[in-house]
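Inspection log for the structure reproduced underneath, given as structure tokens.
Nothing in this text is a laboratory measurement; each read-out follows from the coordinates by a stated rule. Please read these numbers as outputs of a predicted model, since none were measured by experiment. Glycine gets a Cβ as well: all are built from the backbone with ideal geometry, and neighbour counts include every protein chain shown.
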Amino acid sequence: TVTTSPRRITILGSTGSIGTNTLDVVAQLGGSANFEIMALTGNGNIELLASQAIAARAKLAVTADESQYIALKDALSSHGIDVAAGTSGLQEAASLEADWVMAAIAGTAGLQPTLTAAARGADIALANKECLVSAGDLFLDTVKQGGGKLIPVDSEHSAIFQCLDESHRDTLERIVLTASGGPFRTFSRAQMADVSVQTARAHPNWSMGLKVSIGSASMFNKALEMIEAKYLFDVRPEQIEVIVHPQSIIHSMVGYTDGSVIAQLGVPDMRTAIGYALTYPKRSPLNVDRLDFTKLARLDFEAPDESRFPAIRLARTALERGGLQGAVLNAADEAAFEAFVDEKIRFLTMADIVEEVMDTLSGLTPATSIADVFAADAEARNLAHRLIKAKTRAA
Ligand code: NAD
Ligand code: MG
């Protein structure tokens, strides 16, 4: 028998929804017999991070929250696990020699460590879509120069990745991103005006982190995914379609110039996409629910309503304008999301803020370095915060 050395992996954001699912997949695929866990990172959830690090016998555990350093150190000192904190700690985690890195930090906080891992040539399993939305071609260039693979984890992009036959690339016509429509799919704008954080975060089909759940309700998550798709699959904006499909059974589709459409289906469970990213180009057996077609009553489809969900229109605008508009949309959306969760602004105000920030910053010179991306991100965030303050006062 041929013995291969275990694959060395790091999970950036191991305590989150994608992170815990990744550890579950790793355990299902043999755990420490097949994988060596280099680094795990979290933020505030020290107890969970420490127990994950102990169970996985990780080399390094990192909390992004510097004030939690001592607590993490205390929890792990007797286990021979190195501990670090803050942005330098995240850098340390990304720099460890892992072959495969799951990028599952939520938001722009994940950009720098993911770039670091990509630059040294790790294969990147990308859940943290914000990396591509804000840094676009510069992110792709970093992956290319590093020499590792970039494998999508977002369910829609994993679906497209699984359906897109590169040997038919010349006859690729369109990609069709499915969207559940979220909890407010049938709401009028008037009904959406007063929705609470609790109702907005309650996704009908997927169990996910807070940011992506709120983004599903506003469809800003789909907006980010449209931009993510442009970079991942090198398609023109007009080749990217969005269709609302409330059952979330078809995860996305690819259409060719002969009229053929190839779809990927499954129950809504991120572990299938995570497993595919972990063992690509192979598939691995996973204990997830199977689709039972006899119980699937129906699959529905409807066009997204851009007057109720302006995020889709704003993504098209960002795609048309190009340059730093993705970074600006992403940063403004993150600031608006935080303000909504803190109950400083109302649900529909999120899109107003993003649109105003995008319009104000539409003249930025396209980025030539990652520093330009961070500068645009900061400028968009500052402007969003000023608008949020003004709107909070006005309310
Ligand atoms: P989550 O909120 O459940 O977890 C986020 C992780 O990032 C946690 O480990 C947290 O400790 C860490 N984190 C938070 N703030 C941080 C900071 N400032 N610095 C460093 N680390 C920080 O999020 P999630 O739902 O797992 O999503 C992670 C990423 O995957 C997001 O980009 C999201 O859009 C994407 N994604 C998630 C799903 C899903 O089903 N959850 C599906 C598709 C894509
Ligand atoms: Mg998705």
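What the table shows:
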item	result
Set of lysines with alpha-carbon distance to LYS391 below 20 Å, sequence-local pairs under 8 removed	LYS344
Relative contact order %, the chain, counting alpha carbon pairs below 8 Å whose residues are six or more apart	14 percent
Computed [θ] at 222 nm, deg cm²/dmol, the chain (DSSP H ≥ 4; -39,500 (n - 2.57); rounded to nearest 500)	-14000 deg cm²/dmol
Share antiparallel - DSSP beta bridges, the chain, percent rounded to 5	30 percent
Size of electric dipole in segment 242-295: Cβ of Lys, Arg +1 and of Asp, Glu -1, about Cα centre, debye, nearest 20	180 debye
Spin-label pair ARG169/ASP234, simplified geometry with 7 Å Cα→Cβ offset, distance in nm	0.4 nm
Residue list for segment 237-252, given a label point 7 angstrom along the Cα-to-Cβ vector of ARG189 and an amide N cut-off under 13 Å	none
Label-point gap, in nm, between SER67 and VAL261 - each point 7 angstrom along Cα→Cβ	5.0 nm
Segment 269-308 - Kirkwood radius from inverse mean 1/r over Cα pairs (Å)	13.3 Å
Residue order, fewest to most beta carbons within 10 Å, for VAL357, VAL197	VAL197, VAL357
Inter-centroid distance (Cα atoms) of segment 94-119 relative to segment 287-306, Å	33 Å
For the chain, size of Cβ-based charge dipole, Lys and Arg +1, Asp and Glu -1, in debye	480 debye
Dimensionless Rg ratio for the chain, taking C-alpha atoms and the 2.2 N^0.38 Å reference	0.96
Ranking of GLU379, GLU166 by count of other Cβ atoms within 10 Å, fewest first	GLU166, GLU379
Label point distance in nm, SER207-LEU286, each placed 7 Å from Cα along Cα→Cβ	1.5 nm
Neighbour-count ranking [beta-carbon atoms within 10 angstrom, fewest first] of VAL328, VAL176	VAL176, VAL328
Segment 147-250, relative contact order in percent, only Cα pairs under 8 angstrom and at least six apart counted	38 percent
Stretchable slack from ASP352 to GLU241, in nm (0.36 nm times residue separation minus alpha-carbon distance)	37.6 nm
Which of THR116, ILE9, LEU60, positive extreme of dipole for segment 7-152 (C-beta unit charges)	ILE9
